[in-house]
Amino acid sequence: MSNPVQEKSVPRYDSILKVVARLYWIAFGNFPLFFLPILIVQNKAYGPSLYDLFFWLAWLALVLVRYADIVRLNGKTADYEPATLSHWKRYAFKLTALSIAAGVSAHVLAFVL
């Protein structure tokens, strides 16, 4: 007699890469975009500096990680719906606009103060 092989339902867990990517672009990756303009003002770096380089590298990393999250890691929206490239474009546009505003404001304040 042969025993039929019963398939067990295995719970599906997100990979650690998905979790890290989402935590990065949602939370931790935004810290440099908040603190580096403050450092620009405090150090009176009104011209281009290493702070700018790190600021724009942090911006680029956020945009690329969000893209990878959507395209490769089946990214989700806040409503847990599948994210699309339309979501990414909106995210990238808003992040870019806020980053430019923060960078310009920091340099103006560094020059004025």
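Laboratory data are not the source of any read-out in this text; all were calculated from the coordinates shown. In this text the structure is predicted, and so the values were computed from the model without any measurement. Quick reminder, even Gly has a Cβ in these numbers, built from the backbone with ideal geometry, and neighbours come from all protein chains shown.
In sequence order, the range 16-23 has phi-based couplings of 5, 5, 4, 5, 5, 4, 5, 5 Hz under the Karplus curve 6.51 cos²θ - 1.76 cosθ + 1.60, θ = phi - 60°, and Gly or Pro positions carry x. Between Leu17 and Lys44, residue separation times 0.36 nm minus the direct Cα-Cα distance comes to 5.9 nm. Close amide H pairs (under 5 Å, H built 1.01 Å from N) link Lys76 with Ala83, residues at least 5 positions away or on another chain. Residue-wise HN-Hα couplings along the range 101-112, as the Karplus relation 6.51 cos²θ - 1.76 cosθ + 1.60 with θ = phi - 60° gives them from phi, are 4, 5, x, 5, 4, 4, 5, 5, 5, 5, 6, 6 Hz; Gly and Pro carry x. Of the options [x] 43, 14, 9; [y] 21, 15, 13; [z] 25, 16, 12, only one is semi-axes √(5λ) of the Cα gyration tensor in Å as computed from these coordinates, and that is [x]. Residue-wise HN-Hα couplings along the range 63-69, as the Karplus relation 6.51 cos²θ - 1.76 cosθ + 1.60 with θ = phi - 60° gives them from phi, are 5, 6, 5, 5, 4, 4, 4 Hz; Gly and Pro carry x.
With the cut-off at 1.5 for a/c, could you classify the range 36-86 from its C-alpha gyration tensor as rounded, prolate or oblate? Judged from the Cα gyration tensor, the range 36-86 comes out prolate (a/c at least 1.5, a/b above b/c).
Close lysine pairs were tallied over the chain: pairs 8 or more places apart or on different chains with Cα atoms under 30 Å apart number 8. If one takes the longest principal axis of the Cα atoms in the chain, at what angle in degrees, from 0 to 90 and to the nearest 10, does the Cα axis of helix 31-42 lie? Computed tilt is about 10 degrees. Taking the Cα centre of the range 24-112 as reference, the dipole from Cβ charges on Lys and Arg (+1) and Asp and Glu (-1) amounts to some 100 debye. Helix-only arithmetic for the chain: the sum of -39500 (n - 2.57) across DSSP H runs with n ≥ 4, divided by the residue total, places the mean residue ellipticity at 222 nm at -22000 deg cm²/dmol.
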